[in-house]
Amino acid sequence: MGVHLALNSEWKGYRWGPVLGKEAVPTLVDSVGYFTPSTEQFLARKYDLGEVERELSAQVERALKSGLKISYVDYHMGTAVATPQLPAVVERIAQKYGLGILRYFGEAYHTMFDTPTTGSLTPP
């Protein structure tokens, strides 16, 4: 079982916000307290990396407190790994909780149903 780390909320009729609440992570939410709809909109904001790390940690902690056996994290729409600084946050969180990271950084998908092509993976 894994935690799907989310920093954006793309559905018009079903939006979600941070586990920590909008007051705790104001740079991650819109005026109503929801995550932005797209990765592009998230990146256009002046988000605080500390807020990102606290929120993603809170998402993992909520899952762990539920009693589920969590073994990995992955990320919603690639937002949590969309800049050079963000993957380091995900790596720290995975290490902190002893979790694997399901997706390889650098995968290129055309749709959510695709599998990555060999050419889309960058060697370490």
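Only the coordinates and a few stated rules stand behind these numbers; no lab work does. Because the structure is predicted, anything quoted here is derived from the model rather than measured. All Cβ positions, glycine included, derive from the backbone under ideal geometry; neighbour counts span all protein chains shown.
With θ taken as phi - 60° and the Karplus curve 6.51 cos²θ - 1.76 cosθ + 1.60 applied, the whole-hertz 3J(HN,Hα) list for the range 79-95 is 4, 6, 9, 7, 10, x, 7, 5, x, 5, 5, 4, 4, 4, 5, 4, 5 Hz, x standing for glycine and proline. Close amide H pairs (under 5 Å, H built 1.01 Å from N) link residue 82 with no residue at least 5 positions away or on another chain. Principal semi-axes of the equivalent ellipsoid, √(5λ) from the alpha carbon gyration tensor of the range 1-81, are 21, 13, 12 Å from largest down.
Ordering 32, 73 by the number of other Cβ atoms within 10 Å of each residue's own Cβ, fewest first, gives 32, 73.
Over the range 52-103, what is the relative contact order in percent, taking alpha-carbon pairs closer than 8 angstrom and at least six residues apart?
Numbers: 35 pairs, mean separation 22.9, N = 52.
For the range 52-103, the relative contact order is 44 percent.
Ranking of 9, 66, 38, 57 by neighbouring Cβ atoms within 10 Å, starting from the fewest: 66, 38, 57, 9. Close amide H partners of residue 73, meaning residues 5 or more places away or on another chain with modelled amide H under 5 Å apart, are 3, 100, 101, 102. In this rough spin-label picture, where each label sits 7 Å from Cα along the Cβ direction, the residue 41-residue 16 distance is 1.6 nm. Listed values for the range 23-35 are Karplus-derived 3J(HN,Hα) couplings in whole Hz (6.51 cos²θ - 1.76 cosθ + 1.60, θ = phi - 60°), namely 5, 7, 9, x, 7, 9, 10, 7, 5, 9, x, 9, 5, and x replaces Gly and Pro. On full extension, the segment bounded by residue 69 and residue 102 gains 10.4 nm, given 0.36 nm per residue less the C-alpha separation. Legend: calculated FRET efficiency, residue 32 to residue 4, from the Cβ-Cβ distance at R0 = 25 Å, rounded to 0.05, equals 0.70.
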